[in-house]
Amino acid sequence: MIEQFKVIPVVVLNDENDAKEKLSQLVEGNLLVAEITFRTDYAEEGIKYAIKNYPSICVGAGTVINATQCKKAIGSGAKFIVSPGFNQEVCDVCKEHNVEYLPGCVTPTEIMMAISNGIKVVKFFPANVYGGLSAIKALSAPFPQIKFVPTGGVNDNNLAEFLSSDHILAVGGSWMMKGNIAENCKRINKIIKENI
């Protein structure tokens, strides 16, 4: 599902007005994917609102840390689920509903847990704290079957470098959600087009 996108915006929605403003700008900037986080009480409604009003956006749920949140997210229509770490209950719910799960995995043990559950793509978070691209390259040696989605510390300055690696499927982050979102997204698309 997410392999078609090179950059996955991590989107925090507080209410309907906030959702309308941010999602409209993602569409205007032609970055048509959103990982809506479960950091706010509006997350579940925000996913429903996004799916109903912005059908061109591939909507997923992020910061999903337990089975209850996962069920709410999938019930609201989320197409993929992202967690900051690996959670077996979340993994099981995703399997049950045939929804892609990207758990946060930064150690060999966590990656092996993901592999044992049939997962081929993991979130690498926070990428800047856990060694960034050099760590991902090192982990790819024993785990060539795994692709990474680094999040945390990725920005316009290092985006091309991250995406140039065969081990990276996409990157995630919220840096484009500050300031003029549409212009930020257009700039990201330009970087992708020039470097990929």
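Charged neighbours of K193, selected by a Cβ distance under 14 Å, balance to +2 (K, R count +1; D, E count -1).
Within the set of other residues whose C-beta is less than 9 Å from the C-beta of M1, count the net charge using Lys and Arg as +1 and Asp and Glu as -1. Numbers along the way, then the final one.
On the way: positive: K79; negative: E3, E100.
Overall, the nearby charge balance is -1.
Its Cα centre serving as origin, the range 1-64 has a Cβ charge dipole (Lys and Arg +1, Asp and Glu -1) of approximately 180 debye. Note on the range 1-156: Cα-only Rg and Dmax are 15.2, 46 Å.
In the chain, the portion of solvent-accessible area held by carbon and sulfur atoms comes to 50 percent [1.4 Å probe, whole percent, DNA, RNA and ligands not counted].
Ignoring ligands, DNA and RNA, what accessible area per residue does the chain give at 1.4 Å, in Å²? Numbers along the way, then the final one.
On the way: 9020 Å² over 196 residues.
Ligands and nucleic acids excluded, the figure is 46 Å² per residue.
Based on the Cβ-Cβ distance of K178 and S56, what FRET efficiency does E = 1/(1 + (r/R0)^6) give at R0 = 25 Å, to the nearest 0.05? With a Förster radius of 25 Å, E is 0.65.
Of the listed pairs K95/K147; K22/K147; K52/K193; K48/K193, which have alpha-carbon separations greater than 26 Å here?
Details: K95/K147 19 Å; K22/K147 29 Å; K52/K193 30 Å; K48/K193 31 Å.
Long pairs (Cα-Cα over 26 Å): K22/K147; K52/K193; K48/K193.
Taken about its Cα centre, the chain carries a charge dipole of roughly 300 debye when the Cβ of each Lys and Arg holds +1 and the Cβ of each Asp and Glu holds -1.
The values are calculated or read from the model by the stated rules, or taken from the named source; none is laboratory data. Please read all numbers here as calculations on a predicted model, not as lab measurements. We place every Cβ from the backbone using ideal geometry, glycine too, and count neighbours over all the protein chains shown. These accessible areas exclude ligands, DNA and RNA; they are computed on the full protein's heavy atoms, side chains included. Shrake-Rupley method; radii C 1.70, N 1.55, O 1.52, S 1.80 Å.
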